[in-house]
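Report on the following structure.
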Amino acid sequence: MSQATCPVCGTDARSPFRAPQPEIAPDLDMRPGEPTRSTLRDWIQVCPQCGASAPDLSALPQTARAVVESDEYRALSTSGLEETLPFRRWALICERTGDRAQQAEALLQAAWAADDAAVMTEAAGLRTAVAALWDGTQDVELGLRRLDVLRRAGLFDAAEAWAATLSERGPDELARSIIGFQRARIAARDIGRHLISSALPPPARAPHVSHGKRATTGFWSRLLRK
């Protein structure tokens with residue numbers, strides 16, 4: 001296996017992980033299906049010497065050194081679930097280097113790790129942090145993912161309010177189906193995992209041409225995978 005070098009301490013680390021393509025529909029928060037799903041623990045590289053964490057250690061910016069050497073970073077190892085630590089460390093690096101979008105993704109991945117460890121209180125807390133980072137988003141995909149994050153965190157009042165906001169934006173047919181499904185789950189006080197395929201009426205139709213922006217099209221193509 002080829003090696004990468006940690007830019008913080010110069011130690012050799014394993015090369016970045018390349019996950020297999022998913023063959024099953026993703027969850028409503030876009031956690032990919034199998035076989036990708038089961039490789040979650042391999043998504044973050046961890047330097048064995050200094051503990052720097054990232055999907056690709058060699059791509060860390062020089063500004064990451066101060067974060068990794070900080071007391072706050074080191075304190076992460078003594079708080080929270082061990083399975084979530086690499087993702088929480090990566091999230092802190094993203095926060096301190098100004099990458100808010102990747103910070104949210106790292107925290108959501110930490111929540112997935114907490115799900116796998118069946119520690120629901122930690123998963124809920126991490127999802128609450130993600131929902132705050134995505135608050136007010138105008139992006140279609142993030143808006144729908146935020147709705148799932150709120151519901152699964154058990155923040156039912158906030159989830160219903162957000163569903164109403166999304167509905168007022170004039171969503172297309174597929175988005176309306178997802179919002180309707182989520183509202184039913186919110187009413188049932190359901191915090192469980194659901195596949196996107198569960199929220200789409202069969203047969204799923206292609207998105208309307210008026211929603212042809214690249215990011216949205218990519219989102220719907222992922223929704224329509226089997």
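Observations, loosely collected:
- Cross-chain or 6+ apart pairs with Cβ under 8 Å, segment 44-63 first and in contact (Cβ under 8 Å) with a residue 12 or more places away in the chain, then of a type in the set (Phe, Trp, Tyr) and in a loop (DSSP other than H, G, I, E, B): Gln45/Phe17; Pro55/Phe17; Pro55/Trp43
- Residue list for segment 1-19, filter: surrounded by 16 or more Cβ atoms within 10 Å (Cβ to Cβ), at pLDDT 90 or above and either of a type in the set (A, V, I, L, M) or not in a loop (DSSP other than H, G, I, E, B) (or both): Val8
- Subset tally (residues that are farther than 15 Å from Pro26 by Cα and assigned to a helix (DSSP H, G or I)) for segment 183-198: 5
- Residue pairs meeting the criteria (Cβ under 7 Å; at least 6 apart or on separate chains; first assigned by TED's automatic domain parsing to the domain that holds Pro7, in segment 72-97; second among the acidic types (Asp, Glu) and buried (at least 18 other Cβ atoms within 10 Å of the Cβ)): Gly80/Glu122; Leu81/Glu122; Thr84/Glu122
- Restricted to segment 120-132, and to residues there that are closer than 14 Å to Ser79 by Cα and out of contact with any helix residue (DSSP H, G or I) (no Cβ under 8 Å at 6 or more places or on another chain), the residue that is surrounded by the fewest Cβ atoms within 10 Å (Cβ to Cβ) is Thr121.
- If you go through segment 19-69 and keep only what is basic (Lys, Arg) and either in contact with a helix residue (DSSP H, G or I) (Cβ under 8 Å, 6 or more places away or on another chain) or not assigned by TED's automatic domain parsing to the domain that holds Gln102 (or both), you end up with Arg31, Arg41.
The values are calculated or read from the model by the stated rules, or taken from the named source; none is laboratory data. The shown structure was predicted, so the numbers you read here are calculated from the model rather than taken from an experiment. Because the Cβ atoms are built from the backbone with ideal geometry, glycine has one as well, and the counts that use them run over all protein chains shown.
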